[in-house]
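Some notes on the structure that comes next.
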Amino acid sequence: MTQTDPTRIKHDVHVKVAIVGGGPAGLSAARILGKQLGSDVLVIERESDLGGIPRHADHPGYGIRDRKSFMSGPAYARVLAREARDAGVSIWTNAQVTHWADRGVLNVTTRSGIARVYADAIVLATGARERPRSARMVWGDRPVGVYTTGQLQQLVHLNHDTVGRKAVIVGAELVSWSAALTLKKSGCRIQALISRFPASESYALFRRVGSIFFGTSVVKESTVVAVYGKSRVEAVEIENIRTGERRRIPCDTVIFSGDWIPDYELAWQAGVKIDDVTGSPIVTNTMMTSQPGLFSVGNLNHPVETADVVALEGREVAQRVLEYLAGKLSSGNSIKVSAGGALTWIYPHMYQPTGPRITRRKLIGWVNRFISFPTVEVRQSGVLLASARLPWPAAPGRVFRIPDKVLRHVRADRGEISVTVR
């Protein structure tokens, strides 16, 4: 853990709970905790306003599961922020947690200087981010007009700026269609969405309606291999993964969407165990990391879920934190959960048979190929405990939910759990 010169610390703050991140998960946790602890809960948000990604995703579709409503992103963010404030929690905006001073102690850079925050429990709700072009190693020139979805939406919805006239979207996930909505609002035509999979990652409803609404199509089994243009993007070159055939698509804007990375830096600095596949903190069904009192929630644990789902998880982690503070949180034996078959990862990473039910009663996985009617098998120490054929498809680019009842025969005194999708 990095140390800071003590003479630079402006003031110390002591709270029961510190929540790092003022998005849907963090604010939902704050609302529940605030009802019990009031101002002894501190939300730390690096941006000037609360709300996270929904704040600059100005289109409907938010609040369906958690609020039984159909709201725009900014309206949803405002409601979450208002409820957290009404619960009486303390809120710092324009505040960046730079590193840990010690276990349970955060150094926070604010406009008035560096503050040291001492907390009995800490919730990391830092979310996830999209991989930019550089991380995807796309060759070519470095012109203006290359963005991630987040950058695009901030430009259009927050700064009221314009982008180009013809765009290519790299990816065909749900967030890719969100990017398409933003481009259309900006007056930019979508030339194509590029998917590396043989079937588009998003739901069929999005593909069919989206193709008609935007007048575009999804180019499958392809990747963007180069960007061309000197001062401004002029074209991208795509390659068919199966045949190797290449062609250029003229455009002046490129959006790199999806391909999520959890914002794991603070968790890593804390020394908690990190999952090798996702980069997320390893947690149990209590959402507590390998460090007692340090919890992780939302898209930091499993990138990427919708805002309403992580908001529900925020409510759930608040209950776990209250149990921890009261000395009532289960500390039973945690068993490793591994992924197999078409699954590339599974959440939670550890399972306590004597602990609480998994949030929303579902395990969350990510698959590497499309399966129309997948079969889930659960084994413990090599012994088959459950086999279930699910009536919904498993598809790359979106989460795959598995009812947690497949774990009902898991024993605390036995070995590793394996979840396989075929």
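Points to keep in mind about this one:
- The stretch 251-264, subset open to solvent by 20 Å² or more (accessible area, probe 1.4 Å) and either assigned to a strand (DSSP E or B) or free of Cβ contacts under 8 Å to residues at least 12 places away in the same chain (or both), residue nearest to Ala192 (Cα to Cα): Trp260
- The residues on offer are Ser202, Ser231, and the sole one that is of a type in the set (S, T, N, Q) and open to solvent by 70 Å² or more (accessible area, probe 1.4 Å) is Ser231.
- Boolean, Lys220 is open to solvent by 50 Å² or more (accessible area, probe 1.4 Å) and under 26 Å from the mean Cα position of the chain (by Cα): yes
- Count of residues meeting criterion [open to solvent by 80 Å² or more (accessible area, probe 1.4 Å) and at pLDDT 95 or above] in the stretch 392-410: 3
- Filter pass, Lys336 being touching a helix residue (DSSP H, G or I) at 6+ places or on another chain (Cβ under 9 Å), modelled with pLDDT of 95 or more and surrounded by fewer than 22 Cβ atoms within 10 Å (Cβ to Cβ): no
- Subset of the stretch 163-185 (residues that are hydroxyl-bearing (Ser, Thr, Tyr) and in contact with a Leu (Cβ under 8 Å, 6 or more places away or on another chain)): Ser176, Thr182
- Among the candidates Gly38, Gly63, Gly88, residue that is at pLDDT 95 or above and buried (at least 19 other Cβ atoms within 10 Å of the Cβ): Gly63
- Residues that are part of a loop (DSSP other than H, G, I, E, B) and polar (S, T, N, Q) were ranked within the stretch 161-195; the one that is modelled with the lowest pLDDT is Thr162.
- Filter pass, Val272 being more than 21 Å from Pro396 (Cα to Cα), aliphatic (A, V, I, L, M) and either open to solvent by 40 Å² or more (accessible area, probe 1.4 Å) or in a loop (DSSP other than H, G, I, E, B) (or both): yes
- Residues within the stretch 154-163 that are of a type outside the set (S, T, N, Q) and surrounded by fewer than 19 Cβ atoms within 10 Å (Cβ to Cβ), tallied: 4
- Criterion violated by Thr344 - all others in (1) of a type in the set (S, T, N, Q); (2) closer than 28 Å to Leu37 by Cβ; (3) within 18 Å of the chain's Cα centre (by Cα) satisfied: (2)
- Residue check for Ala75: over 20 Å from Leu266 (Cα atoms), in contact (Cβ under 8 Å) with a residue 12 or more places away in the chain and out of contact with any Ser or Thr (no Cβ under 7 Å at 6 or more places or on another chain): yes
- The residue that is nearest to Val399 (Cα to Cα), counting only those in the stretch 306-319 that are surrounded by fewer than 24 Cβ atoms within 10 Å (Cβ to Cβ) and over 13 Å from the mean Cα position of the chain (by Cα), is Leu312.
- Identity of the residue in the stretch 275-305, aliphatic (A, V, I, L, M) and closer than 27 Å to Glu173 by Cβ, that ends up surrounded by the most Cβ atoms within 10 Å (Cβ to Cβ): Val297
- The stretch 98-132, residues that are without any contact (Cβ under 8 Å) to a residue 60 or more places away in the chain and open to solvent by less than 20 Å² (accessible area, probe 1.4 Å): Val105
- Any chance Ser211 is touching a strand residue (DSSP E or B) at 6+ places or on another chain (Cβ under 8 Å), among the polar types (S, T, N, Q) and either part of a helix (DSSP H, G or I) or surrounded by fewer than 20 Cβ atoms within 10 Å (Cβ to Cβ) (or both): yes
The values are calculated or read from the model by the stated rules, or taken from the named source; none is laboratory data. Computed from a predicted model, the values in this text were never measured in an experiment. Glycine also receives a Cβ, built like all others from the backbone with ideal geometry; neighbour counts cover every protein chain displayed. With ligands, DNA and RNA removed, areas are computed over all heavy atoms of the protein, side chains included. Shrake-Rupley method; radii C 1.70, N 1.55, O 1.52, S 1.80 Å.
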